[in-house]
Amino acid sequence: QAQFVESGGGLVQPGGSLELSCAYSGSNINMFTMAWYRQTPGNQRDWVASVSRGCTTNYKDFVRGRFTISKDNVKKMWYLQMNSLKAADTAVYYCNFPNSLRTWGQGTQVTVSS
């Protein structure tokens, strides 16, 4: 069964940067809009950013200007470059296809703390 594998999380100080990666073992990711989501304990999983088939990007207001989503169709991966991180960005980050949701991966923990 195809699955997502998120990586790149870790502990970073406020103002720091991280780049998350998402690998997908299925095929034809170039057909889909790809997205990043995040979830904190006790809360629902929230959409953060997405990149369409045509490379149009969209961002949640609270990350616009700080996060950049990108993709590599050949490698079947997409990325989330996160700059100027804040404590409020602390969460588990996940990737998926927002218009064709699949089984969620394990996610990658991002902790922003001094």
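The values are calculated or read from the model by the stated rules, or taken from the named source; none is laboratory data. Just so you know, these numbers come straight off a predicted model, no measurement behind them. All Cβ positions, glycine included, derive from the backbone under ideal geometry; neighbour counts span all protein chains shown. We work out accessible area using only protein heavy atoms, side chains counted, and drop any ligands, DNA or RNA first. Shrake-Rupley method; radii C 1.70, N 1.55, O 1.52, S 1.80 Å.
Which of the residues spanning region 45-79 are surrounded by fewer than 17 Cβ atoms within 10 Å (Cβ to Cβ) and either among the aliphatic types (A, V, I, L, M) or closer than 12 Å to Val92 by Cβ (or both)?
Hits for region 45-79 are Arg45, Asp46, Val74.
Taking the condition of being touching a Lys or Arg at 6+ places or on another chain (Cβ under 8 Å) and in a loop (DSSP other than H, G, I, E, B), how many residues in region 4-14 meet it? Walk me through how you get there before you give the answer.
First, the residues of region 4-14 that are touching a Lys or Arg at 6+ places or on another chain (Cβ under 8 Å): 4, 14.
Still in the running and in a loop (DSSP other than H, G, I, E, B): 14.
Total satisfying the criteria: 1.
Taking the condition surrounded by 18 or more Cβ atoms within 10 Å (Cβ to Cβ) and either over 15 Å from Ser100 (Cβ atoms) or aliphatic (A, V, I, L, M) (or both), does Ala2 pass? Working first, answer last.
Details: surrounded by 18 or more Cβ atoms within 10 Å (Cβ to Cβ): no; either over 15 Å from Ser100 (Cβ atoms) or aliphatic (A, V, I, L, M) (or both): yes.
For Ala2, the condition - surrounded by 18 or more Cβ atoms within 10 Å (Cβ to Cβ) and either over 15 Å from Ser100 (Cβ atoms) or aliphatic (A, V, I, L, M) (or both) - is not met.
For residues that are over 15 Å from the mean Cα position of the chain (by Cα) and either open to solvent by less than 30 Å² (accessible area, probe 1.4 Å) or over 14 Å from Asp89 (Cα atoms) (or both), tally how many sit in region 33-43.
At the first step, the residues of region 33-43 found to be over 15 Å from the mean Cα position of the chain (by Cα) are 41-43.
If we keep only those that are either open to solvent by less than 30 Å² (accessible area, probe 1.4 Å) or over 14 Å from Asp89 (Cα atoms) (or both) too, we end up with 42.
Going through region 33-43 one residue at a time, the tally reaches 1.
Hey, any hits in region 79-95 for a residue that's out of contact with any Lys or Arg (no Cβ under 9 Å at 6 or more places or on another chain) and either of a type in the set (D, E, K, R) or without any contact (Cβ under 8 Å) to a residue 24 or more places away in the chain (or both)?
Within region 79-95, not a single residue is out of contact with any Lys or Arg (no Cβ under 9 Å at 6 or more places or on another chain) and either of a type in the set (D, E, K, R) or without any contact (Cβ under 8 Å) to a residue 24 or more places away in the chain (or both).
Residues checked against (1) free of Cβ contacts under 8 Å to residues at least 40 places away in the same chain; (2) within 23 Å of Ser114 (Cβ to Cβ):
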| residue | (1), (2) |
| --- | --- |
| Pro14 | no, yes |
| Ser21 | no, no |
| Gly26 | no, no |
| Asn30 | no, no |
| Thr33 | no, no |
| Trp36 | no, no |
| Ala49 | yes, no |
| Gly54 | yes, no |
| Asn58 | yes, no |
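Among the numbered criteria (1) farther than 22 Å from Gln13 by Cβ; (2) touching a strand residue (DSSP E or B) at 6+ places or on another chain (Cβ under 9 Å), which single criterion is violated by Val110?
(1)
When only residues in region 6-23 that are open to solvent by 30 Å² or more (accessible area, probe 1.4 Å) and under 15 Å from Asp72 (Cα atoms) count, which is farthest from the chain's Cα centre (by Cα)?
So the residue we want is Ala23.
Between Leu101, Leu80, which is within 13 Å of the chain's Cα centre (by Cα) and aliphatic (A, V, I, L, M)? Walk me through how you get there before you give the answer.
Numbers: Leu101 fails: within 13 Å of the chain's Cα centre (by Cα).
So the residue among Leu101, Leu80 that is within 13 Å of the chain's Cα centre (by Cα) and aliphatic (A, V, I, L, M) is Leu80.
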